[in-house]
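A quick write-up on the structure given underneath.
The values are calculated or read from the model by the stated rules, or taken from the named source; none is laboratory data. Predicted model only: the values in this text are computed from it and were never measured. Here the Cβ is made from the backbone with ideal geometry for all residues, glycine too, and neighbour counts use every protein chain on show. The area values use the complete protein model at the heavy-atom level, side chains included, leaving out ligands, DNA and RNA. Shrake-Rupley method; radii C 1.70, N 1.55, O 1.52, S 1.80 Å.
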Amino acid sequence: MIASAGGVEALSRVLAPLPADLPATVLVALHQDPANPAGRLMAILARRSAIPSS
């Protein structure tokens, strides 16, 4: 899935109902402001989704 910097909410809505044991890989690409650390996205998605983030 690909989203712009404002797409975190949309990504959350798509990922939230997916089970932690989903037998597939989900790749997320997000266009971000260079001033914001990349680790922030993983932390947000980890709180909003059961799928492991790495």
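Considering only the other residues whose Cβ falls under 11 Å of the Cβ of Ser12, what net charge follows from Lys and Arg at +1 and Asp and Glu at -1? My count for the surroundings of Ser12 gives +2.
Can you tell me the 0 to 90 degree angle between the C-alpha axis of helix 39-48 and the longest principal axis of the chain, rounded to 10? Approximately 40 degrees, to the nearest ten. Leaving ligands, DNA and RNA out of it, report the carbon-plus-sulfur percent of the accessible area of the chain at a 1.4 Å probe. Carbon plus sulfur share of accessible area: 61 percent.
Note down the Stokes-Einstein diffusion coefficient of the chain in µm²/s, whole number, using a Kirkwood radius over alpha carbon pairs, 10 °C, and 1.306 mPa s. It comes out at roughly 138 µm²/s.
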